[in-house]
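The values are calculated or read from the model by the stated rules, or taken from the named source; none is laboratory data. No experiment lies behind these values; they were computed from the predicted model shown. Backbone-built Cβ (ideal geometry, glycine too); neighbour counts: all protein chains shown.
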């Protein structure tokens, strides 16, 4: 019963509730000697910060990070890096009413069933604010991966029925569009759609795509800890995700072997595959091609219209939930999924360093 | 680099290669005192055994299990249960050719990249035969779950474009149809489709659905070890799976909050939800409704037609792979996914026993 | 490379350096519903606080704990409990000199060998201040164990050649003597001895004994995770410990089977043993008798006399280390070892809840 | 409740009971490409085999190993290595009587308390035969360590009051003396002592010392996973061990800082310490000097004289235990402790490969 730690050779442990004093994360096992500044982390946190656009919650949080340990003279020391974010915009009174009933689509009933009671303020531990720690941890991993030539790119692929047009795909716009779509036209239509749904007291879902470039072939383990299995867990562990796919994903169930197999070939003197239906992973191990994943996100369960539910006394009631809610989770979840993938890839690359006896011998004959 | 063990309070560790002396599994932490007979395990293994129908490989393997430890007077002792299956139908000569090149869609290149070489006979460790250990472990978990009133039901939902008709759904036929479809008519059409594809030297994919009834509310952990995250990992760790979804899964990305939220209600004096879009899990924790999952399976990569690839010297070549292959993996994978889910659910239920301090106090005041 | 987390079903993760902003701990998996007040934790921290007697460092630290998460309405919620202690008495200038050389008996050289550099201020992560997190975590575990009738008692057994007299043993004095000895006379002699050694610019070692009463028979696992093996790791992981023994420990190597075997007998209608040479654990599993452990602690490596060592350039030099040091670690380590044992026993008791299939069935037929 | 797996980046999982069909081990995560022959393993197993001298049990077991997986063309493949030893000398009838009562000094009562019943034949899972798997796993680790210039040497240091004379120390005799003492004279006296005790229907204990040469500085982790903490757990997890010490161990509690601190110095252009009181580990991390450990072993609990105990009905009875027992465990435990240390050191060295960000960057710029 201790599921707040993830990872093998690097571990992240998150803590904190939506309306408690603070949230944060401990990253243990991060290699020593990487230069790190508060800004490296803050930049990532700012991407998930609320109150930044017309289509997210209007609640404002500074979400400013404090580094408590693991850094010395602006370098990681190899010891646990503790990162803290204080909650500042708590209006617990907003939530006094929901203490007595179970909101549809939320974890209220699940938590009560498990623990006997819950911190009901803003969802407590089940709040999306828990992901602050994940994003903070991911920022470090992304930095180190980037220094090794590995780049992660996550963006909104679809909102409702509106999908990005891959011909209009413009990576540079991901950080500037309100939806985190890399296509200004799709973004515009999506914002209209979201605005309309919100006016109707409703919420919408969408799809996030993550592309990881530069991972060498050979990363991941062949059985339970397949690289795609670890990525699936990391992605599915983010609150509103209801499906995960790699490469062609869903589509493969309707395709034939002759269509789906990716032929190996040589490009620029390097082994690669002519197509990439498999999404860069074969047998649980990377093959050197781009790793491509997709996460399907449900509409925000908090909506402003009347809903049926039950209260703690087991009576069926009609409720109307107050509060400052996002009409869509997707744009703010993009950086969360990027963080989860960065963490998983880095951990897998570290774990892979001892795949051959020869590596171990080389390492200790050179390094000691 | 040790990804052959899965689980927290019960662990399974599989071993073995397709053409080595034997395959098997150690299950550690299984509770003591459950009656267990060889037949309980064999029954599950027989469901994945090759050579049983016209649409699987014609290779015959007895796949007979031997219990090496952990049982005394037909009861589990609480100590590791070691289960062994000898390989008997090895024709290593079939594979001598593939040592020199990388089969498209297979893990050959990934393994060589990671380990420097590989046991190329029949895929070695990346062979589907590795799942023998998983199925054996799952059979024990299913038995104990069943004694607690929890039933898992897995079946083929779709093959190519052919889907089961939920009005024709007949659970009893799962074990008798060649495709493991619970719909005799869909089965018939699917067999025709598979037979046609195989004649064209091709292979097909499909979808497996798993329904788990009877899991009490409160199982699973709220952050990284969400029940759906653990299930996603367990399912994605099975060779050919390329996507996993829970509940409405993919569809939620296009739905609205007002449609997707499941209202809590009271039925037969028990809390439940009027719909089950979420698939029985909210916030990573079961809500007492049925848990519904789907896995999307790729077409068998081994096909009898010519394919482009490279050899170990980096030369582009055309190959035609010999051997006795399944034209579809789906029917034999059904029991594998059922086993993975049974293991994950049981482990999560054990882990949940200490969610409340009160449980711990009760336990030790009654039991010691 | 992530050794800052301990435990199976409950996990503690410590963070922080001697002269960084803060130290602390995350306890994950602690059962929900136990009442907890800041004072419960502070009481334990105060037992290890510096500056409290003539024989410890004169450095003053408030060591006041802040609860950041995991508590709601004064009850544990089942989610991660984050505890923070700010460093307030940092005089980093004291340490500027030691940046350039390796102190004998300290981890300076080990850290540089591993990480390439180190936070040299006050020992950084290798400082005894790291144990603040352990003590904070232990305070919660002790409280819950106490509610289950399990009591831990740790005390100083010996300092140099001065041992407690078991006829004079007075548990009540542990918290009032400067040495944490349960014998006022031995305490007096020990303080004189320590004072004399300090005057000679030297330091001393000692022995801590821990007695755990009320652990039911059946706790612990039979192979690698034997209860005594887990306790040995937990105890040896505390900085200055150089040996661990259980029951008669060292002495058993010279005894005979006829002397060392403890006969089972019945007392007050309960199974027990007539003697307790084994220290309450047989085959790695508790037998219901008192669990008795001893830890041997080295003299503080920081002494005020001249010492030989080398600097970072590999030159042999003579150094004289400045700073405010404890002439003995033992009295302040007593509560640390008590905490480590409390944590280990509680985790093992939780882990034991699923030893029988019958327990699992009972649990879910009663509780859901 | 799954304590049969040990390790982080390599894991060993043992299985099997004394009188079940077989015992064995799975080693997962062992690096690929090391040459390995059955003889490498058998050589180690033969050192713990019964029936080899006048002072061990006269029971004969072939203890012949079979390699089931993880090897291809005499090289490790990186996938799980499964090793099996069949039980051949089972005389279960010897044990029918002990089913009804609890043997003093044995785990019978502990097992029944935990699991409700036990495989009572020969101690079942608590038998010393469980260590077969450990020794088999250790043989592989020793081989790879040896290829990196690291040598482990374990031997009997004392039996009863008879200690080896370090002036007579002759490493070459360890494998030829009956006691595994590196001193022929001490061996002779010890054999006489054991023979006399056995004639008196009694058993004796002793001390094993392990010296590990060649471990580079920097191995181990600073907090819970200190190298000495991991070694302490590994050693204490072996059945009859009741105390573990590192370096001067027990003695340090009576020494002063000025005596106990090891001065750093330069020898042959390498950093070392002039003395080695600390036993090669400082702050939980190796310092490059020899690692020196000691384990204190209790006398065999099975003795041929009458003993008091209770039966399953809670009646106090006198018993006389039949069977073929070792009058001393120490000589056969030497190779077991050597194996446990080899495993722990190798796992720690693998884990250490990512201590610096620079290592990771170098690795992936060279190796991919």
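Conditions (1) more than 7 Å from chain D (Cβ to nearest Cβ); (2) in a helix (DSSP H, G or I), marked per residue:
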{"residue": "C:175", "(1), (2)": "yes, no"}
{"residue": "C:180", "(1), (2)": "yes, no"}
{"residue": "C:211", "(1), (2)": "yes, no"}
{"residue": "C:219", "(1), (2)": "yes, no"}
{"residue": "C:223", "(1), (2)": "no, no"}
{"residue": "C:253", "(1), (2)": "no, yes"}
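Can you find, within region C:49-73, the residue that is nearest to the chain's Cα centre (by Cα) among those that are within 14 Å of chain A (Cβ to nearest Cβ) and surrounded by 16 or more Cβ atoms within 10 Å (Cβ to Cβ)?
Looking at residues that are within 14 Å of chain A (Cβ to nearest Cβ) and surrounded by 16 or more Cβ atoms within 10 Å (Cβ to Cβ), I get C:65.
Taking the criterion of being buried (at least 24 other Cβ atoms within 10 Å of the Cβ) and either more than 7 Å from every other protein chain (Cβ to nearest Cβ) or not in a loop (DSSP other than H, G, I, E, B) (or both), would at least one residue in region B:74-82 satisfy it? Give the derivation first.
Going residue by residue through region B:74-82, those that are buried (at least 24 other Cβ atoms within 10 Å of the Cβ) are B:77-82.
Imposing the further condition that a residue be either more than 7 Å from every other protein chain (Cβ to nearest Cβ) or not in a loop (DSSP other than H, G, I, E, B) (or both) reduces the set to B:81-82.
Yes: one or more hits.
Quick one: residue A:326 ticks every box in (1) touching a residue at least 12 places away in the same chain (Cβ under 8 Å); (2) in a helix (DSSP H, G or I) bar one, so which box is it?
Just one mismatch for residue A:326, condition (2).
Using the structure shown, decide if residue C:131 is under 19 Å from the mean Cα position of the chain (by Cα), assigned to a helix (DSSP H, G or I) and closer than 19 Å to residue C:328 by Cβ.
Considered against the rule, which asks whether it is under 19 Å from the mean Cα position of the chain (by Cα), assigned to a helix (DSSP H, G or I) and closer than 19 Å to residue C:328 by Cβ, residue C:131 comes out as yes.
For region A:26-35, check the following and say yes or no: at least one residue is buried (at least 24 other Cβ atoms within 10 Å of the Cβ), under 20 Å from residue C:66 (Cβ atoms) and modelled with pLDDT of 95 or more.
yes
Residues of region A:231-251 being assigned to a helix (DSSP H, G or I), buried (at least 24 other Cβ atoms within 10 Å of the Cβ) and within 7 Å of chain B (Cβ to nearest Cβ), which ones?
At the first step, the residues of region A:231-251 found to be assigned to a helix (DSSP H, G or I) are A:231-236, A:249-251.
Still in the list and also buried (at least 24 other Cβ atoms within 10 Å of the Cβ): A:231-236, A:249.
Answer for region A:231-251, where residues must be assigned to a helix (DSSP H, G or I), buried (at least 24 other Cβ atoms within 10 Å of the Cβ) and within 7 Å of chain B (Cβ to nearest Cβ): A:232, A:233, A:236, A:249.
Given the conditions (1) farther than 24 Å from residue B:302 by Cα; (2) out of contact with any helix residue (DSSP H, G or I) (no Cβ under 8 Å at 6 or more places or on another chain); (3) assigned to a helix (DSSP H, G or I); (4) in contact (Cβ under 8 Å) with a residue 40 or more places away in the chain, report the number of the one that residue B:185 does not fulfil.
Here residue B:185 meets the rest and fails (4).
Tell me which of these residue D:320 doesn't satisfy, since it passes every other one: (1) touching a residue at least 60 places away in the same chain (Cβ under 8 Å); (2) closer than 28 Å to residue D:193 by Cα.
(1)
Given the options B:287, B:261, name the one that is under 22 Å from residue B:146 (Cα atoms), in contact with a strand residue (DSSP E or B) (Cβ under 9 Å, 6 or more places away or on another chain), at pLDDT 95 or above and within 8 Å of another protein chain (Cβ to nearest Cβ).
Numbers: B:261 fails: under 22 Å from residue B:146 (Cα atoms).
On inspection, the qualifying residue turns out to be B:287.
Identify all residues within region D:297-317 that are more than 23 Å from residue D:127 (Cβ to Cβ) and either in contact with a helix residue (DSSP H, G or I) (Cβ under 6 Å, 6 or more places away or on another chain) or facing chain C (nearest Cβ under 7 Å) (or both); write none if there are none.
Scanning region D:297-317 gives D:308, D:314, D:316.
Say we look at region A:107-122 and pick out the residues that are surrounded by fewer than 20 Cβ atoms within 10 Å (Cβ to Cβ) and either in contact with a strand residue (DSSP E or B) (Cβ under 9 Å, 6 or more places away or on another chain) or more than 27 Å from residue B:266 (Cβ to Cβ) (or both); which of these is farthest from the other protein chains (Cβ to nearest Cβ)?
Of the residues in region A:107-122, the ones surrounded by fewer than 20 Cβ atoms within 10 Å (Cβ to Cβ) are A:112, A:116-117.
Adding the requirement that they be either in contact with a strand residue (DSSP E or B) (Cβ under 9 Å, 6 or more places away or on another chain) or more than 27 Å from residue B:266 (Cβ to Cβ) (or both) leaves A:116-117.
Numbers: A:116: 5, A:117: 7 Å.
Top of the filtered list is A:117.
Scan (1) part of a loop (DSSP other than H, G, I, E, B); (2) touching a helix residue (DSSP H, G or I) at 6+ places or on another chain (Cβ under 7 Å) for the single condition residue C:103 breaks and write down its number.
(2)
Given the conditions (1) at the interface with another protein chain (Cβ under 8 Å from one of its Cβ atoms); (2) in contact with a helix residue (DSSP H, G or I) (Cβ under 9 Å, 6 or more places away or on another chain); (3) crowded, with 24+ Cβ neighbours inside 10 Å, and given that residue B:144 satisfies all but one, which numbered condition is not satisfied?
(3)
Inside region B:183-203, can you point out the residues that are within 26 Å of residue A:260 (Cβ to Cβ) and more than 14 Å from chain A (Cβ to nearest Cβ)? I'd like the intermediate steps shown before the answer.
Looking only at region B:183-203, we keep the residues that are within 26 Å of residue A:260 (Cβ to Cβ), and these are B:183, B:186-203.
Of everything in region B:183-203, those that are within 26 Å of residue A:260 (Cβ to Cβ) and more than 14 Å from chain A (Cβ to nearest Cβ) turn out to be B:183, B:186, B:187, B:188, B:189, B:191, B:192.
Residues to consider are C:125, C:103, C:134; find the one that is in contact (Cβ under 8 Å) with a residue 24 or more places away in the chain, within 13 Å of chain D (Cβ to nearest Cβ), buried (at least 24 other Cβ atoms within 10 Å of the Cβ) and over 30 Å from residue C:187 (Cα atoms). I'd like the intermediate steps shown before the answer.
Values: C:103 fails: buried (at least 24 other Cβ atoms within 10 Å of the Cβ); C:134 fails: over 30 Å from residue C:187 (Cα atoms).
Matching residue, one of C:125, C:103, C:134: C:125.
Please find, within region A:18-48, the residue that is nearest to the other protein chains (Cβ to nearest Cβ) out of those that are free of Cβ contacts under 8 Å to residues at least 60 places away in the same chain and within 27 Å of residue A:174 (Cα to Cα).
A:35
Are any residues in region A:1-52 under 19 Å from residue A:88 (Cα atoms) and in a loop (DSSP other than H, G, I, E, B), and if so, which ones?
Matches in region A:1-52: A:17, A:18, A:19, A:20, A:21, A:49, A:50, A:51, A:52.
Out of all the residues in region B:295-306, which are surrounded by fewer than 24 Cβ atoms within 10 Å (Cβ to Cβ) and touching a strand residue (DSSP E or B) at 6+ places or on another chain (Cβ under 6 Å)?
The one that is surrounded by fewer than 24 Cβ atoms within 10 Å (Cβ to Cβ) and touching a strand residue (DSSP E or B) at 6+ places or on another chain (Cβ under 6 Å): B:306.
So which pairs qualify, if the first residue must be in region C:54-65 and closer than 12 Å to residue C:89 by Cα, the second must be surrounded by 14 or more Cβ atoms within 10 Å (Cβ to Cβ) and modelled with pLDDT of 80 or more, the Cβ gap must be under 7 Å, and the two must be at least 6 apart or on different chains?
As it stands, the answer is C:61/C:49; C:63/C:45; C:63/C:49; C:63/C:85; C:63/C:132, since those pairs meet every condition given.
Is there a residue in region B:149-172 that is within 30 Å of residue B:83 (Cα to Cα), touching a residue at least 40 places away in the same chain (Cβ under 8 Å), within 11 Å of another protein chain (Cβ to nearest Cβ) and surrounded by fewer than 21 Cβ atoms within 10 Å (Cβ to Cβ)?
As a first pass, look at region B:149-172 and keep what is within 30 Å of residue B:83 (Cα to Cα): B:149-156, B:171-172.
Right, trim to touching a residue at least 40 places away in the same chain (Cβ under 8 Å) and you get B:149-156.
The next check asks that each one be within 11 Å of another protein chain (Cβ to nearest Cβ); those that pass are B:149-150, B:156.
Narrowing the set further to residues that are surrounded by fewer than 21 Cβ atoms within 10 Å (Cβ to Cβ) leaves B:149.
Yes; the residues of region B:149-172 include at least one that is within 30 Å of residue B:83 (Cα to Cα), touching a residue at least 40 places away in the same chain (Cβ under 8 Å), within 11 Å of another protein chain (Cβ to nearest Cβ) and surrounded by fewer than 21 Cβ atoms within 10 Å (Cβ to Cβ).
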